[in-house]
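Chemist: The following block contains the structure, expressed as structure tokens.
Rule-based calculations on the coordinates, nothing more; no lab input. From a predicted model like this one, the values you see are computed outputs, not experimental measurements. Using ideal geometry, Cβ is built from the backbone for each residue, glycine included, and neighbour counts are taken over all protein chains shown.
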Amino acid sequence: MSENRKRALVTGSSRGIGRAIAISLAKDGYEVLVHCAGNRAKAEETAEIITQNGGKATILQADLCNPQETQRLAVQMGDIDVLVLNASLQIRNPWSRIPLEECYEQLNCNFVSSLLLIQAAVPHMKQQKWGRIVTIGSVQEAKPHPDMLVYSSSKAAQTNMAQSLSLQLAADGITVNNVAPGVIYTDRNMEALADVEYAKQVTASIPVGFYGEPEDCAGIVSLLCSEKGRYITGQSIYVDGGKSIQ
């Protein structure tokens, strides 16, 4: 494939939804920057899958709960054409017991890091008059979990930011959209869903009657990052089996 291929950074792409998106974009011809916070071995697995399929991948490591590390990542990534903001931190705690440090960690990872990386990526996109930014939100924007107040609030803030920026960047050929997954079967929720009774309750809340897979989210991101998605901007698209409207 051409060495002039476009470059895409997918944060949190060592596993789960981020890995599926990274693999999909690589198949679309992008050189993918695979990002991880700490588990480099998992990131290497993602990169190996990409290279085995004929793609090109580079691994970048940074803890997005730390703004200084996010700024370092912004420098290391260089000029990119596609930015997929998938990394997030989700901590369960009743709202009345949330410590300030826990609040800051989630806000930094789920919102502040997105802002910093967008600020770093947009100048090149403007120069090229082409760019794609996709934030990965959550069904909790519509159906907030009572024990995930900061998580759901930060995801809603990220989507608001994406919609605001979509208006400000449209004239520069840059689209900005949000993809909001529902219940996706990943290692993040495997333990909770192992509880049979809880799993029944969760499944009953999904109109289609089953969990999604990471690949269910990758397809819409692939579309949004392509020329076929050029007329879609400022949207928040739920990939949730209908859960957000039940």
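Chemist: Using DSSP to define loop residues, name the trypsin sites (Lys or Arg not before Pro) in region 127-166 whose beta-carbon has at most 12 other beta-carbon atoms within 10 Å.
Modeler: Numbers: sites: K129, R132, K155; in loops: K129.
Within region 127-166, the qualifying trypsin sites (Lys or Arg not before Pro) (loop, at most 12 other Cβ atoms within 10 Å) are K129.
Chemist: So what is the 222 nm mean residue ellipticity for the chain from helices alone, if each DSSP H run of at least 4 adds -39500 (n - 2.57) and you divide by all residues, rounding to the nearest 500 deg cm²/dmol?
Modeler: Dividing the helical sum by the residues of the chain leaves -13000 deg cm²/dmol.
Chemist: P(r) tail for region 109-236, what percent of Cα pairs lie past 23 Å?
Modeler: Numbers: 3148 of 8128 pairs.
Counting pairs separated by more than 23 Å, the tail of P(r) holds 39 percent.
Chemist: Report the charge-dipole magnitude of the chain in Debye, nearest 20, computed about the Cα centre from +1 at each Lys and Arg Cβ and -1 at each Asp and Glu Cβ.
Modeler: Values: 22 positive and 25 negative charges, 111 e Å.
Taking the Cα centre of the chain as origin, the dipole is about 540 debye.
Chemist: To the nearest 0.05, what FRET efficiency results for T51 and E213 with a Förster distance of 30 Å applied to their C-beta separation? Write down the numbers at each step before the final one.
Modeler: Values: r = 23 Å, r/R0 = 0.76.
According to the calculation, E is roughly 0.85.
Chemist: Stretch Q71-A199 to full length: gain in nm at 0.36 nm per residue minus the Cα-Cα span?
Modeler: Numbers: separation 128, 0.36 × 128 = 46.08 nm, distance 3.91 nm.
Extending this stretch completely gives an extra 42.2 nm.
Chemist: Which of N110, N86, N66 moves the most in a Gaussian network model of the chain with Cα springs under 10 Å?
Modeler: N66
Chemist: Continuing with this model, one more query. So if R0 is 25 Å, what FRET efficiency would S226 and H124 give, r being the distance between their Cβ atoms, rounded to the nearest 0.05?
Modeler: Values: r = 19 Å, r/R0 = 0.75.
According to the calculation, E is roughly 0.85.
Chemist: Among all the lysines, which ones have a C-alpha under 24 Å from K243's C-alpha, if same-chain residues fewer than 8 places away are not counted?
Modeler: Of all the lysines, those that pass the test against K243 - Cα under 24 Å, at least 8 places apart if same chain - are K143, K155, K200.
Chemist: Go ahead and run the numbers for FRET between R40 and H145, Cβ-Cβ distance against an R0 of 22 Å, rounding to 0.05. Don't skip to the answer; put the middle values down first.
Modeler: Working: r = 30 Å, r/R0 = 1.37.
It comes out at approximately 0.15.
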